[in-house]
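The values are calculated or read from the model by the stated rules, or taken from the named source; none is laboratory data. Please read all numbers here as calculations on a predicted model, not as lab measurements. Methodologically, a virtual Cβ is constructed for each residue, glycine included, from the backbone with ideal geometry; neighbour enumeration extends over all protein chains shown.
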């Protein structure tokens, strides 16, 4: 996605910005402010995923939260959104919003694949504890909407696993493992699941 010299500069800039914010007093392990909102902000709307040679056409993003509790040092979103690790905003009405969107667009669902969640991790605690992840997976299944998700949160709770198994014909799930070097993991992925 960010290949060559430009990609290297982009990621180095992201890591430098994170280091500078920590020098100003930010801490990777400080508690985040979790805010719950009703309604959907513009940033949470279902949108076309940025096309790249590695992403299929017709990819739509599902982003039920702004912010991420994992705070990875190399996060590309943080480079664009300075307050991305200061507060996690959870859109409590997202399952109803998604249900309405899927019902309204049911004639074109076969043309789309949903990326849950392109700008954060769909298994972060703020989404699991509120039941939003499960509700979104159930909504996608109800409409037979194809989706994939990528997580570094480790193995999800049993109810989530059951929902994904039930929808195995319409989903793809990628669970990444972090690095085996714990010291390096603490620096790069401080709040992601350990190996």
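Only one entry of 126, 163, 145, 153 meets the criterion of being in contact (Cβ under 8 Å) with a residue 24 or more places away in the chain and closer than 15 Å to residue 60 by Cα, and that entry is 145. For the residues 100, 169, 191, the requirement of being free of Cβ contacts under 8 Å to residues at least 12 places away in the same chain and in a loop (DSSP other than H, G, I, E, B) singles out 169. When residue 98 is tested against (1) within 16 Å of the chain's Cα centre (by Cα); (2) at pLDDT below 90, exactly one condition is not met: (2).
Is it true that some residue in the stretch 149-162 is in a helix (DSSP H, G or I), closer than 23 Å to residue 93 by Cβ and at pLDDT 85 or above? Yes, the conditions are met somewhere in the stretch 149-162.
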